[in-house]
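Structure, as structure tokens:
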Amino acid sequence: MTGFADRLRGKVAIITGSGGSIGRAACLRFAAEGAAVVGCDLQSDAAAATVKAVEEIGGIIDSLHPCDLTEPDDAQALVDLALARFGRIDVLYNNAAMAHFAWFDAMDHDLFSRTIRDELEILFHLTKCVWPHFVAQRSGAIVNTASVSASICYAVVPGLAHSTAKAGVLGMTRHLAMEGAPHGIRVNSVSPGLVRTNQSEALLADVTWAGAMLSKIMLDRFGTPDDVAAAAAFLASDDAAWITGTDLAVDGGTMAW
């Protein structure tokens, strides 16, 4: 994280899913680059641990937990907290998501609908709440978390609903970028490949499954939460001032061959 100490200085960033592996890495990265962070998570203990980690490096952070972004009222409460504490919002990093996996033959209507809700609708809810403030201040940067699964399939991943939801994230990103441009709002997405997180560790313990996934990665290693956090911080910063409507693959070359 050297060399970028002031890149986000003076900015206020909402980062969702702050208790997770990538969310925590993002909170630490954004804070290290000077942003005031407002996190949120369904898991209160994990979110509180992130607050402690950020404060230990001298960062500025507040957090709403538990926070269920499938509920529009919770999304509004998060925005209200950010405005009450810091008076403005400059960045929204829609990182939080909950994927549900099943092969199509085993997938029922409820599981499919829950995946769309937990990976796509939550972006709509929170962005809807933040958008008027970005329009009023005529600036703002949104970073959405998509996935390589929006564009490719893995033979060993039962990801029909996940792929569908993340393809929706790409479509929402492009359309919001078009609508936001006249108001100075930039909207981009990151598409992680397979990242080693608390959630993926159990899967990676299966040598056969891990080997099949690794064979798709050009750089021959799984990603880290820091890899994704660094890309999100770039898109949130003024270094990306002329970038909007773009998806940045953070995948070790997975989609390049």
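The values are calculated or read from the model by the stated rules, or taken from the named source; none is laboratory data. These figures come from a predicted structure and were not determined experimentally. So basically every Cβ, Gly included, is an ideal-geometry build from the backbone, and we count neighbours across all protein chains shown. Accessible surface is based on the protein model in full, side chains and every heavy atom, while ligands, DNA and RNA are left aside. Shrake-Rupley method; radii C 1.70, N 1.55, O 1.52, S 1.80 Å.
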ASP73 vs. criteria in contact with a helix residue (DSSP H, G or I) (Cβ under 9 Å, 6 or more places away or on another chain), open to solvent by 40 Å² or more (accessible area, probe 1.4 Å) and under 30 Å from SER113 (Cα atoms): no
Checklist (1) under 24 Å from MET98 (Cα atoms); (2) acidic (Asp, Glu); (3) open to solvent by 70 Å² or more (accessible area, probe 1.4 Å); (4) touching a helix residue (DSSP H, G or I) at 6+ places or on another chain (Cβ under 8 Å) applied to ASP220, failing item: (1)
Filter result (out of contact with any Leu (no Cβ under 9 Å at 6 or more places or on another chain) and open to solvent by less than 50 Å² (accessible area, probe 1.4 Å)) within region 56-70: ILE61, THR70
Among (1) over 24 Å from GLU121 (Cβ atoms); (2) open to solvent by 50 Å² or more (accessible area, probe 1.4 Å); (3) part of a loop (DSSP other than H, G, I, E, B); (4) touching a helix residue (DSSP H, G or I) at 6+ places or on another chain (Cβ under 7 Å), the one test that ASP226 misses: (3)
Residue in region 36-55 that is touching a Phe, Trp or Tyr at 6+ places or on another chain (Cβ under 7 Å), farther than 20 Å from VAL195 by Cα, crowded, with 16+ Cβ neighbours inside 10 Å and among the hydrophobic types (A, V, I, L, M, F, W, C) present: yes
Residue selected from region 195-217 under the condition in a loop (DSSP other than H, G, I, E, B) and open to solvent by less than 30 Å² (accessible area, probe 1.4 Å), by the criterion farthest from ARG9 (Cα to Cα): ILE217
Tally of residues being modelled with pLDDT of 95 or more and open to solvent by 10 Å² or more (accessible area, probe 1.4 Å) across region 1-11: 4
Members of region 232-257 found to be farther than 17 Å from ALA177 by Cβ, buried (at least 19 other Cβ atoms within 10 Å of the Cβ) and out of contact with any helix residue (DSSP H, G or I) (no Cβ under 7 Å at 6 or more places or on another chain), listed by number: GLY252
Residue satisfying all of: in region 136-169; part of a loop (DSSP other than H, G, I, E, B) and of a type in the set (S, T, N, Q); most open to solvent (accessible area, probe 1.4 Å) among these: SER151
